[in-house]
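J.: Shown below is the structure under consideration.
The values are calculated or read from the model by the stated rules, or taken from the named source; none is laboratory data. Just so you know, these numbers come straight off a predicted model, no measurement behind them. We place every Cβ from the backbone using ideal geometry, glycine too, and count neighbours over all the protein chains shown. Areas reflect the complete protein model, heavy atoms only, side chains present, ligands, DNA and RNA absent. Shrake-Rupley method; radii C 1.70, N 1.55, O 1.52, S 1.80 Å.
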Amino acid sequence: PGGATRRAYDKAGRFIRASDNLKPVLESFGEYMLERIDRRFQFEGLPRRWAPLAASTLAEKQRLGYGNRGILVRTGRLRRGFRYRATPRTLQLYNNRSSRGVNLYRVHQFGTNTIPARRMVAYTRVEQQRLTTLLEAHLWD
């Protein structure tokens, strides 16, 4: 094939090889998501603020000596407990922190009948744009 055709074949080959292993992209995105989770704790929700704590919860935090720490923060274990696992095709974000056998992440991420959902992990347009940028750089460079 001619020069332009050869370059197109070469570029297609690089794209196919790069798409076989997305682990570098997913690791970068995993690190980014950990930063976003930390910012959600810092600002008590992004893009919308989390529901305020109930008066009874505030009183309990005071009684137990946790003072005026932020929403979802007593010891900091939940905030520090986020991890990710990347493979060539998948990214898993997780948090196994529990209290008395109850997964704290799930309770607060999705809420219960008495506890409002406070999303720590979200896939908004901001995260989507970051992932798109990482993928484009990986696949086309």
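J.: About its Cα centre, what dipole magnitude does the chain give when the only charges are +1 on Lys and Arg Cβ and -1 on Asp and Glu Cβ, stated in debye to the nearest 20?
T.: 440
J.: Pick from Glu60, Glu44, Glu35 the residue whose mean-square fluctuation is largest in a GNM of the chain, springs joining Cα atoms under 10 Å.
T.: It is Glu60.
J.: Please give the peptides 90-98, 22-30, 49-57 ranked by average Cβ packing (other Cβ atoms within 10 Å per residue), highest first, as a rough proxy for protection.
T.: Highest mean packing first, the order is 22-30, 90-98, 49-57.
J.: Report the per residue volume, in Å³, of the convex hull enclosing the C-alpha atoms of the stretch 28-100. Walk me through the numbers before you get to the answer.
T.: Details: hull volume 7.4 nm³, N = 73.
That works out to 102 Å³ per residue.
J.: Translational D (Stokes-Einstein, µm²/s) of the chain at 25 °C and 0.890 mPa s when Rh comes from the Kirkwood sum over C-alpha pairs?
T.: In µm²/s, the coefficient rounds to 139.
J.: Moving on to the next point. Be a star and scan the stretch 79-104 for residues whose amide nitrogen sits under 18 Å from the point 7 Å along the Cα-to-Cβ vector of Tyr66.
T.: Residues 79-82, 95-104 fall inside that zone.
J.: Let me ask something additional. Taking a probe of 1.4 Å, how large is the accessible area per residue of the chain, in Å²?
T.: 67
J.: Which value, in debye to the nearest 20, describes the size of the charge dipole of the stretch 76-128 about its Cα centre when Lys and Arg Cβ atoms bear +1, Asp and Glu Cβ atoms bear -1, and nothing else is charged?
T.: Working: 12 positive and 1 negative charges, 37 e Å.
With Lys and Arg at +1 and Asp and Glu at -1, about 180 debye.
J.: How large is the helix-only mean residue ellipticity at 222 nm for the chain, computed as the sum of -39500 (n - 2.57) over DSSP H runs with n ≥ 4, divided by its residue count, in deg cm²/dmol to the nearest 500?
T.: Numbers: 6 runs with 74 residues, N = 141.
Dividing the helical sum by the residues of the chain leaves -16500 deg cm²/dmol.
J.: While we're looking at this one, here's another question. Expressed in nm to one decimal, what extension gain is obtained for the pair Ala4 and Arg48 from 0.36 nm per residue of sequence separation less their Cα-Cα distance?
T.: Numbers: separation 44, 0.36 × 44 = 15.84 nm, distance 4.96 nm.
My answer for the length gained is 10.9 nm.
J.: Something else: Pick out which of Arg39, Arg118, Arg89 has the largest mean-square fluctuation in a Gaussian network model of the chain, springs linking Cα atoms closer than 10 Å.
T.: Maximum fluctuation in the GNM of the chain, among the listed residues, is at Arg89.
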